[in-house]
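For reference, the structure is listed below as structure tokens.
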Amino acid sequence: MLFLVGVLELFLDIVDFKVTEGNRPVLSAVVTFLGILFWYVVLRIVLENLNNIGLVLMYASGCGIGCYVGMKVMYRVKSYDKRGTPRD
């Protein structure tokens, strides 16, 4: 579960950055709210299991993959114009 939370959290962070860059404050606020909820889950699980380094490694791995996937998705989205036509 912590792996998936890491993936989703970092993916949302990248989406939040792009949404904020695009001047969409309401959507950015919603994405930030979801990111904080993910952080709450992570903190609760990690603090309850301080001796389990495997949980931290799973979360860190999820964050790395979430960053990679988020960057790839944002690159694909950026490569299309507003009408859905691929850019050269």
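Any read-out appearing in this document is the output of simple, stated calculations on the displayed coordinates, not a laboratory observation. Just so you know, these numbers come straight off a predicted model, no measurement behind them. No Cβ is skipped: glycine too gets one built from the backbone with ideal geometry, and neighbour counts run over all protein chains shown.
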Legend entry - Condition broken by Leu50, with the remaining ones in (1) more than 15 Å from Tyr68 (Cα to Cα); (2) among the aliphatic types (A, V, I, L, M); (3) in a helix (DSSP H, G or I) satisfied: (3)
Legend entry - Meets criteria (of a type outside the set (Phe, Trp, Tyr), within 14 Å of the chain's Cα centre (by Cα) and surrounded by 13 or more Cβ atoms within 10 Å (Cβ to Cβ)) for Val5: yes
Inset, instruction - For residues that are within 16 Å of Met1 (Cβ to Cβ) and basic (Lys, Arg), tally how many sit in region 31-81. - result: 1
Inset, instruction - List every residue pair whose Cβ atoms lie under 6 Å apart, where the two residues are 6 or more positions apart in sequence or sit on different chains, the first residue falls within region 2-25 and is part of a helix (DSSP H, G or I), and the second residue, located anywhere, is loosely packed, with under 14 Cβ neighbours inside 10 Å and of a type in the set (Gly, Ala, Ser). - result: none
